[in-house]
Amino acid sequence: MISAKVQGIPALKAALAGLVPKLRRQVLRNALAAGARIVRDDARRRAPVLQPTLKTPVRKPGTVRAAIVVRTSKAARRAGDVGVFVNVRPAKRGQRGAKSPHDPYYWRWLEFGTKKMAAIPFLQPASQRLSDALEKFKQVVGPQIDKMNRKGGTQ
């Protein structure tokens, strides 16, 4: 797992302290998601598109690419923090399994390879864009804090 923490930004912390906790979480989640979308888009661009063959007539091309999403971290929420991550979203219940054209379960084999197949990584290389994601976070968080403070987010 690759993660990044933003630390040591006293001005940001002071500005966020002026917001009620619910709005603070909303501002942080929106800014984090904006940065994570940069990583998501790069991962989608790099993800291989499986071409159906006689052995895999069921696979819908682009299933893995379409399933790469930005998700909210439940673990961070339980800890009282805000977090997002980029991952391949599993298929919905009832659409899972090797015979389902909508299940991207095989993404791990693509990302990490197998004994018989070389890896075609797409998530790990996309994580190199974390510095760009941090810049996007900085661009988004400031105006959002100002907007919330103008609306009276301290009430």
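The values are calculated or read from the model by the stated rules, or taken from the named source; none is laboratory data. This structure is a prediction, so every number in the text was calculated from the model and none was measured. A quick note on method: Cβ atoms are made from the backbone with ideal geometry, for glycine too, and the neighbour counts reach across all protein chains shown.
Taking the range 111-155 only, how many residues are touching a Pro at 6+ places or on another chain (Cβ under 6 Å) and either in a helix (DSSP H, G or I) or not aliphatic (A, V, I, L, M) (or both)? Give the derivation first.
Within the range 111-155, the first condition is being touching a Pro at 6+ places or on another chain (Cβ under 6 Å), and the residues that meet it are 111, 120.
From what is left, the residues that are either in a helix (DSSP H, G or I) or not aliphatic (A, V, I, L, M) (or both) are 111.
Selection size over the range 111-155: 1.
Selection within the range 44-65: residues that are among the hydrophobic types (A, V, I, L, M, F, W, C) and either in a loop (DSSP other than H, G, I, E, B) or at pLDDT 95 or above (or both). The member of this set that is surrounded by the most Cβ atoms within 10 Å (Cβ to Cβ) is Ala47.
For the range 85-109, how many residues meet the condition of being in contact with a strand residue (DSSP E or B) (Cβ under 7 Å, 6 or more places away or on another chain) and either more than 30 Å from Phe137 (Cα to Cα) or at pLDDT below 90 (or both)?
Number satisfying all stated conditions: 0.
When Arg29 is tested against (1) touching a residue at least 12 places away in the same chain (Cβ under 8 Å); (2) not in a helix (DSSP H, G or I), just one condition goes unmet, and that condition is (2).
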